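A.B. asks: One structure, as structure tokens, below. Some questions next.
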Amino acid sequence: MENLFKRLQSKKNQKPLADTFTQNKPTSPHTPQIPTEGWVQISPLVWEKITEITVSPGLKQEFPLDESEGLYCLDTETTGLSSGAGTHIFLAGWCHYCPLSGNIRIRQFFLQDLGGERDFILHLDFALRDAKALRTFNGGTYDIPLLKTRWGMNGKEFPTFIHKDLLHPSRRLWKQVLGSCSLKNIEREILGVHRVGDVAGAEVPELYFSYLRSGAGDDFPQQLRGVFSHHLQDVLSLWFLEVLLKDFEKNPLGPRWTLHLNREKFINRCFTSPEIAPQVPWILPKPSYPLEIDPRCLIPHLSPQDCLAYSGKVWKATGREYWGLDYTHRLIRVENTLDERMEIIQILSTLWKEKRSLKALDRLLKFLEHREKTPLAWEQCLRIMDRALAGGFLPESVVLSLKKRKNRVEEKLKPKDISKNNP
């Protein structure tokens, strides 16, 4: 606290920013002797860095990038993981497409010390005036509420934007495929982004506090290089994710979203940058790259029969439990031929034996008991239940359900006493 008081005292006589400053931004008479690696001091405690990245002509032809003008993909780095009043934003920035230059532009704003937060907020507020819409990743829960809090703590109102949190459409498309829909997992499995030597997000607050304890000097580009690189990659991934999700909205039945049999990965380098490309291979899949998605996302665009065929293709290509359950569920709902009934039994039996899927076991027993409804099917049902009960390691609720079903099936197999009905 004493060090913070001394730093604030040293800045006491410096003139703060006016609320209505123009593009003639104030500059500090102090010139750092340490290389700033592209960072420009725009206020006593606020720095800005602009990174331009060239987009390949192929990407411009495939995606209508001009439509994304004014769309900012925003991310923040903070002093904590909560969005309360005690959490400060020390690094904020966004990625957007510039139609005039044809490049991707990333703007990052860094707060060198917490005493300069008012100027930091004023610069962000001014720079965001050109934005028409915002995209974030989990920003609806974290970033946007925190931005509103910090604006309010500094006597300003956060601007109103059309905001979309890309976490939710990502979960709809890939939750059942990837399991975890963290940005890093989506980068690796969907975008083809491979981070090298990246700083974990949970470590960022402590790195910033370590920098403050060291004196908050002008050597921050060296001390916090990993944090800046982490943030830059976050906003870049967010921008490419927005491009990909926009493609699904416009062309959900295109080959990128419906071809799943070709397992070979075709990739297309989207841009090159001398500063970034040698370290991080940023790529985006071509239309021929089969992206697995939750088939429920295609239901509004496909007929029931097409959904059935689609789910079956994905199951045969991947062999994953989810696709097997989805395919058999859709197959059971229609009138089945003998071959289709045998296929249902074979798939569910495989999922139970190899993956120990309780859902597959329950569906298999229901199908044999209620859809097949023959003595042979009931006998097969009993054999499966006997093996399952003998194997152990089943939840108590499942054991009780199996015993109840077993008693019911055994009653069905008992020969009926005709003499009782004919006295």
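The values are calculated or read from the model by the stated rules, or taken from the named source; none is laboratory data. Keep in mind that what you see is a predicted model, and the values were worked out from it rather than measured. All Cβ positions, glycine included, derive from the backbone under ideal geometry; neighbour counts span all protein chains shown.
A.B. asks: With the condition being surrounded by 11 or more Cβ atoms within 10 Å (Cβ to Cβ) and at pLDDT 90 or above, I'd like the helices (runs of 4 or more DSSP H) fully within region 326-423 carrying at least 3 qualifying residues.
C.D. replies: Qualifying helices (runs of 4 or more DSSP H): 338-355, 358-366, 375-391, 396-413.
A.B. asks: For a quick check of your reading: which strands (runs of 3 or more DSSP E) sit entirely within region 1-95 and have at least 1 residues that are farther than 30 Å from Lys250 by Cα, at pLDDT 90 or above and more than 33 Å from the chain's Cα centre (by Cα)?
C.D. replies: The strands (runs of 3 or more DSSP E) meeting that bar are 40-43.
A.B. asks: Residues Leu207, Leu147, Leu134: which one is out of contact with any Asp or Glu (no Cβ under 7 Å at 6 or more places or on another chain), under 18 Å from Cys95 (Cβ atoms) and assigned to a helix (DSSP H, G or I)?
C.D. replies: Of Leu207, Leu147, Leu134, the one residue that is out of contact with any Asp or Glu (no Cβ under 7 Å at 6 or more places or on another chain), under 18 Å from Cys95 (Cβ atoms) and assigned to a helix (DSSP H, G or I) is Leu147.
A.B. asks: Continuing with this model, one more query. For Ala202, which of the numbered conditions (1) among the small types (Gly, Ala, Ser); (2) assigned to a helix (DSSP H, G or I); (3) surrounded by 15 or more Cβ atoms within 10 Å (Cβ to Cβ) fails to hold?
C.D. replies: Result: Ala202 passes all but (3).
A.B. asks: Conditions first: (1) at pLDDT 90 or above; (2) crowded, with 17+ Cβ neighbours inside 10 Å. Ala133 passes all but one, so which condition is the exception?
C.D. replies: The single condition Ala133 does not satisfy is (2).
A.B. asks: For region 154-199, what are the residues that are in a loop (DSSP other than H, G, I, E, B), surrounded by 15 or more Cβ atoms within 10 Å (Cβ to Cβ), of a type in the set (Gly, Ala, Ser) and at pLDDT 90 or above?
C.D. replies: The one that is in a loop (DSSP other than H, G, I, E, B), surrounded by 15 or more Cβ atoms within 10 Å (Cβ to Cβ), of a type in the set (Gly, Ala, Ser) and at pLDDT 90 or above: Ser182.
A.B. asks: Check Lys148, Lys156, Lys132, Lys184 and return the single one that is under 17 Å from the mean Cα position of the chain (by Cα) and either of a type outside the set (Asp, Glu) or under 23 Å from Pro252 (Cβ atoms) (or both). I'd like the intermediate steps shown before the answer.
C.D. replies: Working: Lys148 fails: under 17 Å from the mean Cα position of the chain (by Cα); Lys156 fails: under 17 Å from the mean Cα position of the chain (by Cα); Lys132 fails: under 17 Å from the mean Cα position of the chain (by Cα).
After applying the criteria, what remains is Lys184.
A.B. asks: Thr51 is checked against (1) touching a Cys at 6+ places or on another chain (Cβ under 7 Å); (2) closer than 16 Å to Val227 by Cβ and fails just one. What number does that condition carry?
C.D. replies: Result: Thr51 passes all but (1).
A.B. asks: It is to be established whether one or more residues within region 92-100 are of a type in the set (A, V, I, L, M), touching a residue at least 60 places away in the same chain (Cβ under 8 Å) and surrounded by fewer than 17 Cβ atoms within 10 Å (Cβ to Cβ).
C.D. replies: Scanning region 92-100 turns up no residue that is of a type in the set (A, V, I, L, M), touching a residue at least 60 places away in the same chain (Cβ under 8 Å) and surrounded by fewer than 17 Cβ atoms within 10 Å (Cβ to Cβ).
A.B. asks: Here is a follow-up. If we scan region 114-129, do we find a residue that is among the hydrophobic types (A, V, I, L, M, F, W, C), assigned to a strand (DSSP E or B) and touching a residue at least 60 places away in the same chain (Cβ under 8 Å)?
C.D. replies: No: region 114-129 contains no residue that is among the hydrophobic types (A, V, I, L, M, F, W, C), assigned to a strand (DSSP E or B) and touching a residue at least 60 places away in the same chain (Cβ under 8 Å).
A.B. asks: Could you list, in sequence order, all residues of region 311-325 that are assigned to a helix (DSSP H, G or I) and either at positive phi or among the hydroxyl-bearing types (Ser, Thr, Tyr) (or both)?
C.D. replies: Within region 311-325, Ser311, Thr318, Tyr322 meet the criteria.
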